[in-house]
Amino acid sequence: METISDTAASPDGAEALPVPAFAEGWAPLALQPGMLLDFLAGLGERPFREKQILSWIYAHDVLDAALMSDLPAPLREALAGVLAPPQQRIAQVSRSSDGTRKLLVELDDGERIESVLIPDGDRLTLCVSTQVGCAMGCTFCATARLGLKRHLRTDEIVGQVVLARREMAADPLGPGHLTNLVFMGMGEPLHNVEALLPAIRILTEQWGLSISPRRITVSTVGVVPQMRRLLEETRVKLAVSLGATTEEGRRAIMPVTKRWSLAELLETCRELPLKRRERITFEYTMLAGENDSDDDARRMVRLLNGIRAKVNLIFWNPFEGAEHQRTSRERMQRFQRILLDNAVHATIRESRGPDIQAACGQLAAQVESLRASGIGAAPTD
Ligand code: SF4
């Protein structure tokens, strides 16, 4: 398939952008304004048709060109020849007793990822994955066990939101409409920033899925060079997984620290271009005897000095083969008290969906066990 040139001007002078090319064609859920202009001009069609096409895709969830009924028939036909509607689908839904739902999503190539729907009062948050597996190797996280298999494409990131919306639409008695997105699923979002940034654009723009960027949080283990870029190019909120309060402690559980030190990470946080009243959320998974002492709490107070921060204290969720222990609630409350007494905003985050392996750090367990059991596995030679 030919790709559209990125240099040709459109008939009305608007900027023509390259369409990402995939083996099977153009992925509808990666399209943005400007990408179809050359294609339309080649057919003698006016540029406004692009708006109609994007509206079908994002506002009406119609990805099949044949169903875009207000387009002329020749255009529908030509579009059908270049668009490749995604094959990704929800392979399995697991429901937790607390209302959390884990969606096992099978991708075009048979790889599987997980997205998690978390109802909380009038909020319904989707936890989105950005990679198949992860390269970061955090010892408290099940996804690390998979290693990095591949990055998700932009359309596969956006596709998780579309699939979750369909899941909710098909269930009128379910928890309602999606209100928030957190990029805290499988993978390190800022390790896949080239696919993430266009996905955020599609998710937030009026012509796209129109989700407020203030309702989107991207979480990172500290891919320092990309943190600034994220905040410069989008208006989403940033969360940083802190892990430990010393360089040594952090290196032991988060190998990424060997590349970008804790000091460098915090220095970057101090310099980030935050909006007014905005804070960085620091996620802190508590591990008994490793990072949960009073000294750790006092060190954290010092580390966060000068940063507009809030801290989420998170219970570690065990998974098979992991070598950590869970911090007790009493210990966590004492840790929180030290932070609060020193004017550090801190909350204890309750685990959601641990009975379906959907809680923080547990994703990947089901992907692997299904693979091991051969369910839905790709045929072998
Ligand atoms: S915590 Fe996040 S960055 Fe670390 S291994 Fe797990 S998915 Fe990757």
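Rule-based calculations on the coordinates, nothing more; no lab input. Note that the structure is a prediction, hence the values are computed from the model and not measured. Methodologically, a virtual Cβ is constructed for each residue, glycine included, from the backbone with ideal geometry; neighbour enumeration extends over all protein chains shown.
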Q: Go ahead and set up a Gaussian network model of the chain, Cα springs under 10 Å, then flag whichever of Gln206, Gln131, Gln336 fluctuates most.
A: Gln206
Q. How large is the Kirkwood hydrodynamic radius of region 89-373, in angstrom, based on all distinct alpha carbon pairs?
A. 19.1
(Q) Tell me which trypsin sites (Lys or Arg not before Pro) from region 323-358 have a DSSP coil assignment and no more than 10 other beta carbons within 10 Å of their own. (A) none
Q: Return the calculated 222 nm mean residue ellipticity for the chain, to the nearest 500 deg cm²/dmol, obtained by summing -39500 (n - 2.57) across DSSP H runs with n ≥ 4 and dividing by the residue count.
A: -8500 deg cm²/dmol
Q. Binned at 10 Å from 0, what are the whole-percent values of the Cα-Cα distance distribution for region 180-307, short to long?
A. 12, 42, 32, 11, 2
Q. Which angle from 0 to 90°, rounded to the nearest 10, does the C-alpha axis of helix 154-169 make with the longest principal axis of the chain?
A. 90
(Q) What value in Å³ per residue do you get for the convex hull of the alpha-carbon atoms in region 46-192? (A) 139
Q | region 270-320-region 133-194 distance, computed between alpha-carbon centres (Å) | A | 23
(Q) If the elastic network links every pair of Cα atoms under 10 Å, which of Asp341, Asp64, Asp294 fluctuates the most in the Gaussian network model of the chain? (A) Asp341
Q: State which stretch of the chain is the longest one without any exposed GluC sites (Glu not before Pro), exposure meaning a DSSP loop state and at most 12 other Cβ atoms within 10 Å.
A: 16-319
